[in-house]
Amino acid sequence: MFKKIRLYFDTVKYLKCSQVFWQVFYRVKPHSSIIERNDNLVVEFISFQFVPTQRVKFMGNNTFCFLNLKYQFDSIDWNFLNFGKLWNYNLEYFDYLFQNDVSDEDKFRLLYSFYEYCKTNNKPLEPYPVSLRVINAAKYVSLIKNKDNKILNYVHQELFFLDRNIEFQILGNHLLENAFALCLGGAFFKNASWHDKAIKILKKELNEQTLEDGAHFELSPMYHNIILFRVLELIDWYSKYNSQKQEFLSFCREIASRMCAWAKNIQFSNGDFPLFNDAAKGISFDTWSLIEYANKLGIEPKNINLGQSGYRSFANQNYEIKIDLAQIGASYQPGHVHADALSFVLYSHGKPLFVEQGTSTYQIGERRNLERSTEAHNTVTVNNRNQSDVWGGFRVGNRAKTTIHHDETTKYIASHNGYKTWGTIHTRTFIFEEFCVQIYDSLNNKDDAKGYIHLHPDRNLVKVADNEYIIDDFITLVFESATVITVEDYEYAESYNEYQPAKRLVISFEKEMSTKIFFKKS
């Protein structure tokens, strides 16, 4: 019981007081749902220069595919939860309004079906899916210039609800999505109150949530790209908005320029981004598409390096590496954080070599716990524990604090105190040479320590000596001071709900260990 109380205390103490207040307030507040209205609403269509085509999510015949899970309905159950809450959210977002292979007739049929279901079943509205849905709906009817009064009334009701249920209890990317929706919705329905409130929130939150090097402060490359798209989308329509405020537009362009810089800096040369924290392929727009969008809007990435985010990068003709020297971010909203201090992802000749286990689900359970754990990353566990207390799917209790001691292009030294319960500090040194990566791990105490290195499924591993392995005939791994080295099977997930068998090395050591990765000279 005491441990559970302590875990809750260590989790709650990082929250803002306002989060606690709004959490209680919204829990006791009655739910809202859609009702039938037929107000004569006046709207102003929003103009967009660029509308990216969505991936195929609606496949016709009431068949949908989200998160790599396909389902066909006889009659659409808009509260379908067999694949989890995130799948249902995707069903409700209506991203498929921008699929070119779906007719306008089908799109309106789906919109009517959803809202009729909500009315008939008194389905409670939720701020996050409402935010994405109203952006998509207002954008869609603007593009086709259709003032369907019934749909407009539904969208107006949702914005009315959103204005009174902004997610101040969650903050982070949720609050930004709420504000993006109110900003566009306020312009669309000529509601200055919604619009001005949204701009106030966006200025405050984008200032806080965008770090000096351009990273979104939740430190997920996937969510970074999602928010970057929203900023670019806002700049796109707002620059053509008759009542625009030039100061706000300039502010957004500055934010976008910094965010583009980070997106470029964190990606690999083949366009992949490292799957740090909650991140997966196939969810956000890829970085090059976003940079192209920015260019069309006259936005160039700033000339800044990785810095405040805590991520670092090195690349030459033989390999590219991204290393995680970051803090838990954001401290009061760590829902997408993993216990991965001092981890790394490494590519060789444009292809993944060492990866992490990835993010395949948000469903609370064994797999979610594993993917957030320290052992699922290329770093070190002590006494088989996590560096930070990740729990409950999206919560973090006591957490590791990272300190960077040496910070230069070819050498980084950092430590974290995630194992301070045992009085242990883990220090890791990275040294980058033309044909070699050297990683030195040291603990200030003798502990049961294990280092993990996860190979990409396409890589072939062969043992040649007790402490030496060959990968694909041209990469050599040498471990010094290891007591035991084992090869284990694991399931790699680079996207939701898809798994590939792969191998990982588990290297036991007591106090110090050296890992050297040699690349054959061509």
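The numbers here are math on the coordinates, done by the rules we state, and not lab data. Fair warning: this is a prediction, and the values are worked out from it, not measured in the lab. Here Cβ is always computed from backbone atoms with ideal geometry, including for glycine, and neighbour counts include all displayed protein chains.
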Which order results if ASP448, ASP473 are arranged by neighbouring Cβ count within 10 Å, fewest first? ASP473, ASP448
Using the scaling law 2.2 N^0.38 Å as the reference, what is the normalised Cα Rg of region 350-430? 1.23
Summing -39500 (n - 2.57) over every DSSP H run of at least 4 in the chain, dividing by its residue total and rounding to the nearest 500, the 222 nm mean residue ellipticity is -11000 deg cm²/dmol
In nanometres, the difference between 0.36 nm per residue of separation and the alpha-carbon distance of TYR332 and GLU300 is 8.4 nm
Can you tell me the orientation of helix 221-238 relative to the chain, as the angle in degrees between its alpha-carbon axis and the longest Cα principal axis, to the nearest 10? 30 degrees
Links that overshoot a 23 Å alpha carbon limit, given the list LYS281/LYS302; LYS147/LYS200; LYS200/LYS264; LYS139/LYS197; LYS420/LYS503: LYS281/LYS302; LYS147/LYS200; LYS200/LYS264; LYS420/LYS503
What would the Debye formula give as log10 I(q)/I(0) at q = 0.18, 0.27, 0.28 Å⁻¹ for the alpha-carbon point model of region 1-52, no solvent? -0.83, -1.06, -1.09
Span per principal axis, largest first, for the Cα atoms of region 407-522 (Å): 39, 37, 30
Taking N as the number of residues in region 1-142, what is its Cα Rg relative to 2.2 N^0.38 Å? 1.31
ASN242-ILE431 FRET efficiency (beta carbon distance; Förster radius 41 Å; 0.05 resolution): 0.10
Zone of PHE474 (label point 7 Å along Cα→Cβ, backbone N under 11 Å): which residues in region 249-277? none
Evaluate the distance, in nm, between pseudo-label points positioned 7 Å from the Cα of GLN363 and of LYS203 along their respective Cα→Cβ axes. 4.5 nm
What number of lysine-lysine pairs in region 1-72 show an alpha-carbon separation below 27 angstrom, given a sequence spacing of 8 or more or placement on distinct chains? 7
Work out, step by step, the length gained on full extension between PHE48 and VAL464: first 0.36 nm times the residue separation, then minus their alpha carbon distance; give nm to one decimal. 143.9 nm
Taking neighbour counts of Cβ atoms within 10 Å as a proxy for exposure, in what order, fewest first, do LYS57, LYS240 appear? LYS240, LYS57
Degrees separating the helix 127-144 axis from the principal Cα axis of the chain, which is the longest one: 60 degrees
Once you put a point 7 Å from the Cα of ARG37 and another 7 Å from the Cα of TRP422, both along the Cβ direction, what distance in nm separates them? 5.9 nm
Computed lengthening from VAL12 to LYS351, 0.36 nm per intervening residue step minus Cα-Cα distance: 118.0 nm
Can you work out D for region 133-246 in µm² s⁻¹ from Stokes-Einstein, where Rh is the Kirkwood radius over C-alpha pairs, the temperature is 25 °C and the viscosity is 0.890 mPa s? 167 µm²/s
Reachable aspartates and glutamates from LYS446, criterion Cα separation under 17 angstrom, eight or more residues apart if same chain: GLU480, GLU510, GLU512
For region 241-288, report the translational diffusion coefficient in µm²/s to the nearest whole number, using Stokes-Einstein at 37 °C, 0.692 mPa s, and a Kirkwood Rh over Cα pairs. 256 µm²/s
Efficiency of FRET between SER103 and MET59 - r from beta-carbon atoms, R0 22 angstrom, step 0.05: 0.95
Under Stokes-Einstein, region 190-327 at 20 °C and 1.002 mPa s, with its Kirkwood radius over C-alpha pairs, diffuses with a coefficient in µm²/s of 137 µm²/s
In the list (i) 65, 22, 19; (ii) 46, 41, 20; (iii) 43, 24, 23, the entry giving semi-axes √(5λ) of the Cα gyration tensor in Å computed from the coordinates is (iii)
How large is log10 I(q)/I(0) at q = 0.22, 0.23, 0.24 Å⁻¹ when the Debye formula is applied to the Cα atoms of region 312-406, each weighted equally and without solvent? -1.14, -1.20, -1.26
Cross-link reach from LYS119 to lysines, straight Cα distance under 19 Å and at least 8 residues apart if same chain, gives LYS107, LYS150
As a footprinting exposure proxy, order MET222, MET59 by other Cβ within 10 Å, with the fewest listed first. MET59, MET222
Eigenvalues of the Cα gyration tensor times 5, then square-rooted: what semi-axes does that give for region 64-147, in whole angstrom, largest first? 20, 15, 13
Plugging the Cβ-Cβ distance of PHE2 and ASN384 into 1/(1 + (r/R0)^6) at R0 = 22 Å yields, to the nearest 0.05, a FRET efficiency of 0.55
